[in-house]
Amino acid sequence: MANLRWPDGKPKCPHCGSEDVSYLPNAKVYKCYAKPAHDKAKFSLKVGTIFEESLIGLEKWLPVMWMLVNCKNGISSWEIHRAVGVTQKTAWFMLQRGRLAMQDPLTGGNLGGEVEVDETFIGGKMRNMHKKRKNELQKVGRRAGKVVVIGMLERKGEVRAAVVPDRSVPVIREHVQNNVDVGSVIFSDEYASQWKMDDRYKHQVVNHAERYVDGQVHTNGLENFWSLLKRGLHGTYVSVEPFHLFRYIDEQAFRFNNRRGMNDSDRFIEVMKQAVGKRLTYAELTGKLEAETPSAIA
């Protein structure tokens, strides 16, 4: 972990940035000797990462991060609770911190070339609902009470997905313009006839009422991602609150975008690199303080 954080072998103080740092083997911490001296001269490897101020040792944190990035359908807090010997509440908090490290830093620029755009609805299945709740939703529409998620997939590239307030034309256009290069070819379903922007993109639409594939025109790549996402939500996590949903989307997007040309070890190293410079406290997680922006899409 130290080698990943400081590849040049020179530890830096997370508080002042000084390289005048030495390791204290007895205390297992680093000490900064920069002048003038500051109050937080001693610091551990966890400081400045998602692990900061955690009483859980790295011998438990690292297996949790390994399982989170490499279990295709995700891993529940109850499984972590049994596997590493922490409470379920602690395991849930550890996983949420891990998902923050998996959040897309958006350093690769916009998507381009051939891009699939689609929306999906996340929520409870009608057949599993109480009769009273089912009757209420049937009056207002089967998608009432569900959360809308928009996704964009660059063919042979990465996927980006985010929770959006609704499926309105302005919302979809804003997210597409912010994430897809002008001049790209967009493949979408028939709903694109309402929001497509012919002055910026080349739109090709497939009507799902007639067929799902029309030559190269389809959204099967994104449908694959939605399938993986919902399999984890329904099969592994079972119940996810809407205000935490973006974290689970970040988790699945990370695994999806790092599935090709990488093994389990490569994915683990990648997430450990992204763990630096991020912080999530329990107060932020539970809504008592303002947390990080809940969107993987700018």
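Values computed for the structure shown
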| quantity | calculated |
| --- | --- |
| Condition met for ARG133 (at pLDDT below 90 and loosely packed, with under 14 Cβ neighbours inside 10 Å) | yes |
| Matching residues, the range 46-77, being part of a loop (DSSP other than H, G, I, E, B), crowded, with 19+ Cβ neighbours inside 10 Å and free of Cβ contacts under 8 Å to residues at least 60 places away in the same chain | LYS46 |
| VAL159 vs. criteria under 21 Å from SER227 (Cβ atoms) and either surrounded by 16 or more Cβ atoms within 10 Å (Cβ to Cβ) or modelled with pLDDT of 95 or more (or both) | yes |
| Test: residue in the range 111-119 that is in contact with a Phe, Trp or Tyr (Cβ under 8 Å, 6 or more places away or on another chain) and either at pLDDT below 80 or assigned to a loop (DSSP other than H, G, I, E, B) (or both) | no |
| Check on TYR237, within 13 Å of the chain's Cα centre (by Cα), of a type in the set (Phe, Trp, Tyr) and surrounded by 13 or more Cβ atoms within 10 Å (Cβ to Cβ) | no |
| Restricting the range 256-281 to residues that are assigned to a helix (DSSP H, G or I) and of a type outside the set (A, V, I, L, M, F, W, C), the residue that is farthest from ALA2 (Cα to Cα) | ASN257 |
| Hits in the range 255-278 (condition: more than 24 Å from GLU52 (Cβ to Cβ), surrounded by fewer than 19 Cβ atoms within 10 Å (Cβ to Cβ), touching a helix residue (DSSP H, G or I) at 6+ places or on another chain (Cβ under 8 Å) and charged (D, E, K, R)) | ASP264 |
| Leading residue by the ranking (farthest from ASN110 (Cα to Cα)) among those in the range 148-187 that are in a loop (DSSP other than H, G, I, E, B) and among the acidic types (Asp, Glu) | ASP166 |
| Output for the range 208-223, where each listed residue is surrounded by 12 or more Cβ atoms within 10 Å (Cβ to Cβ), modelled with pLDDT under 90 and in a loop (DSSP other than H, G, I, E, B) | HIS208, TYR212 |
| Any chance GLU284 is surrounded by 17 or more Cβ atoms within 10 Å (Cβ to Cβ), at pLDDT 90 or above and either in a helix (DSSP H, G or I) or not assigned by TED's automatic domain parsing to the domain that holds ALA2 (or both) | no |
| Filtered residues of the range 240-254 (kept if surrounded by fewer than 17 Cβ atoms within 10 Å (Cβ to Cβ) and in contact with a strand residue (DSSP E or B) (Cβ under 7 Å, 6 or more places away or on another chain)) | PRO242 |
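The values are calculated or read from the model by the stated rules, or taken from the named source; none is laboratory data. What you see is a predicted model, and the numbers here were worked out from it, not measured in a lab. A quick note on method: Cβ atoms are made from the backbone with ideal geometry, for glycine too, and the neighbour counts reach across all protein chains shown.
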